[in-house]
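What follows is a single structure, written as structure tokens, with notes after it.
Here, each number is a calculation from the coordinates, and none is a lab measurement. As the structure is a computational prediction, the values presented were derived from the model and not from experiment. Note: ideal-geometry Cβ built from the backbone for every residue, glycine included; neighbour counts use all protein chains shown.
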Amino acid sequence: MDIEKRRSTAALSESHDGFPVTESRSNTGDTSMKDEGTLGSPSLPVSPIKTTSHKRKTSDDFEKKKKKKKTDKHKHKHKNGTKKENGNDLATVKNSKEKKKRVKKEETPLDSQTIEMKDEEEEKYRWWEENNDNDEIKWHSLKHNGVLFPPEHVPLPSHVKLYYDKKPVDLPIQAEEVACFFGAMLNTEHAQNPAFQNNFFSDFKKIVLEHGGANVEIENFDNCDFSKIFEHYESQKTIKKSLTAAQKREIKSEKDKFEEKYKYCLLNGRRERVGNFRIEPPGLFRGRGSHPKTGRVKKRIYPEDVSLNLSEDAPIPPPPEGHQWKEIKHDNTVAWLATWRENVTNTVKYVLFAADSSLKGRSDFKKFEKARELKNYIHRIRKDYKKNFSSKVMLERQMAVATYLIDVFALRAGGEKAEDEADTVGCCSLRYEHVTLKPPNTVVFDFLGKDSIRYYQEVNVHEKVFKNLRLFKKSPKQPGDDLFDRLTPNILNKHLQNYLPGLSAKVFRTYNASKTMQDQLDLIPNEGTVGEKVVKYNAANREVAILCNHQRTKPKSHDMGVQRISDNIREMFWQKLRLKRMILELDKSLKKTKPYYFEELDDLSVEEEQAIQDRVIAKEREKVTKKFARDNEKLKTEDSPLLPEAMLEEKLQKIDELAAEYKKELKTRKPEIKSVTVTVEKLESQVEKLEQRIRNATLLLQDKEDNSQVALGTSKLNYIDPRLTVMFSKKYDVPIEKLFSKTLREKFAWAIESADENWTF
DNA sequence: GCCCCTACTTAGCAGAGAGGGA
DNA sequence: TCCCTCTCTGCTAAGTAGGGGC
């Protein structure tokens, strides 16, 4: 691709943070990437790459193990003397065939440095048809093209500056970049948050000083004016928006072409998608809730910070020119392709496989199978924890109550949190103040859970749970103290392992979510239209989301949208009444022969009818005026003569006439029938159509209200066994496309291909 | 037994893109 | 066809779990 072209097209694209993006730095020897030491990174010396073979199990070990297993299976088969095909044996045959193919493929000469990830329209890899019980080895061979670095900061035009005390500030480029992080997000809630402002400002001042200071001494945040920077980025957004569809397509296709090679890797010789192949761009840390570090500067990541993981015999992707990778690893017991450490939270970040990869799919499948297994143990677990509500050992009581809460209310485990994180809790970290007891057995839970989402529930609990909670809160305990002072998720999980290896607190959430979904789906009658069935499926999904406390912020447009739909429904109802009045105009006797049909004729008060009429007329006027303006706007750009004002007047005049007609109707309740061809039958059929539209709109409104603060996606993506959805789709004859988006269909291909209409969780 | 670290899953948000109504 | 709304997708923060070292 022409580098200049890429520069100019990409200059109009935008990064996640809302910054204009120039070119993406690749690791294909792009010389434009200079280490300017942005955000305190010194110029890094070129050092030899450290290469470690960090395998806990070598591929030789893997081969040996595999061989042994094969022999064992072979023996087993003969012992049983059956001809039943063994999945593993089939897999072995398949694998050896595939291996031959693979070797051939990998021997194909590649372009000098890039591994080609050709899509030879090969069949989708049906990993779920193979046995694989080796969790330890994540891959046998792994080749990839490295990671994509974010674009460098594009200096602001000379007239765009930060102002301090109304004076323009000349900032060192590194500090300008940070000022831009803030300036670009001036209209967000983060930028209004004092903690965010403080953290940003203290890092910003440091960076200004570190890079030689500015022409003005910057001391006070309140004296800073970032508005010019904000306007600059807003105008860039407008330019981008105003491109023609063709231009936008062109830019996107160039971008896709450029990124193509990072999107795929060769996992055991097969082309599989990589998930987040982009290194996270620098910016301001957007912590959730009251995170003490929110607003701090997230530094730019360089190749020197990034370790890659791939096969020993895989070509090492060349780092951007003048740079080196931190380390090259060959660890086949892990599923990451690249890793680096983030400076604000000091956490490790990974580049992983995509959700539709065989590796992720297999682990998802195992997660749901483990949850299904819990079915066979749950009865005993429940019996045991009920017994232990009265145990003499405090730890056992705490364990019993915690297991109860996790089981019944789907609470998370609740690990310990550090001082420099948001104060959120889960089951084991619940404190005195999070639980209020109302005798005889009501408990109010009120705490911030993951992502600082509030969990508020007033519930009735088992009488002994109530008594125990009172005991766990007993003096000298006071606000701030742990409710479960003997318990940690680790202890609890170790206890759960006694029932079933691999059982942990989080399995209960998966189990209860999927169980709830199964139960809800079982209640749905197999009748009605596809649309109606989808609404019922969503309602079942919603039950799960509520159980898991998956929330979302009410969309800003929600209240207005609800109002609009309600208004529409009332308008349709009014139109329906008018049609019925017309029917009576044609045949008065019907009122006696079909009294029920005309029962609703008085359901609208004169006041409400008046209000509806006013709305309808106002809407009509607005529509006509807007269309007139739009048409003229278009004619203006074409240099054609504009439409005469009289034309608009004429149309508005007609609306006035209609308004007068409605007004008359308000008194007479007798709408005028304008066409001679109108018949009772025709009007009745129109009534029927309106009734259907009203029903649809009412359903839509209900759905909108119910979903306004509940996020359905999270449970669909992570908790509900996808085979339940597939079962529903097949049994109820609802196209899977109505239930799973494209990405979900890809992620859950294994479920779509393997479950039938009789599948049960 | 505790703490720290690594590895991976789960989560909401924001922007992009699709889709539907006027 | 255009515009607006809603859904989808990408992003990355925030959890869980478990292993290893002391």
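How do A:717-729, A:580-592, A:289-301 rank on mean C-beta neighbours within 10 Å, highest first?
Per-residue Cβ counts within 10 Å, averaged per peptide and sorted highest first, yield A:717-729, A:289-301, A:580-592.
Residues with amide H under 5 Å of A:Phe353's amide H, sequence separation 5 or more or different chain, H placed in the peptide plane at 1.01 Å from N; which?
So A:Phe353 has HN proximity to A:Gly275.
Please sort A:511-517, A:390-396, A:476-482 by packing, taking for each peptide the average over its residues of neighbouring beta carbons within 10 angstrom, highest first.
Highest to lowest by the protection proxy: A:511-517, A:390-396, A:476-482.
Could you check how many percent of all C-alpha pairs in the range A:253-294 are farther apart than 13 Å?
68
With point charges of +1 on the Cβ of Lys and Arg and -1 on the Cβ of Asp and Glu, referenced to the Cα centre of the range A:360-503, which listed residue (A:Ala402, A:Leu437, A:Ile381) lies farthest in the positive direction of the dipole?
Checked the options; the winner is A:Ile381.
Once phi is turned into ³J(HN,Hα) by the Karplus curve 6.51 cos²θ - 1.76 cosθ + 1.60 with θ = phi - 60°, what whole-Hz value does each residue of the range A:470-478 show in order, with x for glycine and proline?
Ordered by residue, 3J(HN,Hα) equals 5, 5, 5, 9, 4, 3, x, 5, 8 Hz.
Along the range A:480-490, what does the Karplus equation 6.51 cos²θ - 1.76 cosθ + 1.60 (θ = phi - 60°) give for ³J(HN,Hα), rounded to whole Hz, x for Gly and Pro?
x, 8, 5, 6, 9, 6, 9, 10, 10, x, 4
Based on the Cα coordinates of the range A:459-532, what is the per residue volume of their convex hull in Å³?
190
Taking the Cα atoms of the range A:558-702 alone, what are Rg (to one decimal) and Dmax (as a whole number) in Å?
For the range A:558-702, the Cα radius of gyration and maximum Cα-Cα distance read 18.6, 63 Å.
Please work out how much length the chain gains when fully extended from A:Tyr456 to A:Asn198, using 0.36 nm per residue of separation minus the C-alpha to C-alpha distance, in nm with one decimal.
Once the chain is fully extended between A:Tyr456 and A:Asn198, it gains 89.8 nm.
How big, on average over all directions, is the shadow cast by the Cα convex hull of the range A:360-503, in nm²?
Spelled out: convex hull of the Cα atoms, projected over all directions, averaged, 9.6 nm².
List the aspartates and glutamates whose Cα sits under 14 Å from the Cα of A:Lys704, skipping any in the same chain fewer than 8 residues away.
A:Asp559
I'd like the distance separating the alpha-carbon centroids of the range A:127-185 and the range A:264-339, in whole Å.
Distance between centres, Cα-based: 11 Å.
Provide the per-residue ³J(HN,Hα) series for the range A:334-341, in order, calculated from phi with Karplus coefficients 6.51, -1.76, 1.60 and θ = phi - 60°, each as a whole number of Hz, with x at glycine and proline positions.
For the range A:334-341, the Karplus curve yields 10, 9, 9, 9, 7, 8, 7, 10 Hz.
So which of A:Lys124/A:Lys738; A:Lys298/A:Lys329; A:Lys138/A:Lys360; A:Lys370/A:Lys417 end up more than 18 Å apart, counting from Cα to Cα?
Distance filter (> 18 Å) returns A:Lys124/A:Lys738; A:Lys298/A:Lys329; A:Lys370/A:Lys417.
Which of the peptides A:194-202, A:750-758 is most tightly packed, and how do the rest follow, going by the mean number of other Cβ atoms within 10 Å of each residue?
Peptide ranking by packing, descending: A:194-202, A:750-758.
Size of the dipole of the range A:531-687 about the Cα centre, Lys and Arg at +1 and Asp and Glu at -1 on the beta carbon, nothing else charged, in debye to 20?
500
Toward the positive end of the charge dipole of the range A:558-702, about the Cα centre and with charges on Cβ (Lys, Arg +1; Asp, Glu -1), which of A:Leu700, A:Val676, A:Ile612 goes farthest?
Most positive-ward Cα: A:Val676.
Need one number: nm distance between label points at A:Asn441 and A:Thr238, each 7 Å from Cα along Cα→Cβ, rounded to one decimal.
Calculated label separation equals 6.5 nm.
With a sphere of radius 15 Å drawn around the Cβ of A:Asp446, what net charge do the other residues whose Cβ falls strictly inside it have (Lys, Arg +1; Asp, Glu -1)?
Neighbourhood net charge equals +1.
If I stretch the segment between A:His434 and A:Glu600 completely, what's the gain in nm (0.36 nm per residue apart, minus their alpha carbon distance), one decimal?
That pair, A:His434 and A:Glu600, stretches by 54.7 nm at full extension.
Go through A:Val562, A:Ile524, A:Val535 and say which Cα lies farthest out towards the positive end of the charge dipole of the range A:428-564; charges sit on Cβ, +1 for Lys and Arg, -1 for Asp and Glu.
Farthest along the dipole direction, towards plus: A:Val562.
How compact and how long is the range A:168-231, expressed as Rg and Dmax of its alpha-carbon atoms in Å?
Both quantities, over Cα of the range A:168-231: 11.0, 31 Å.
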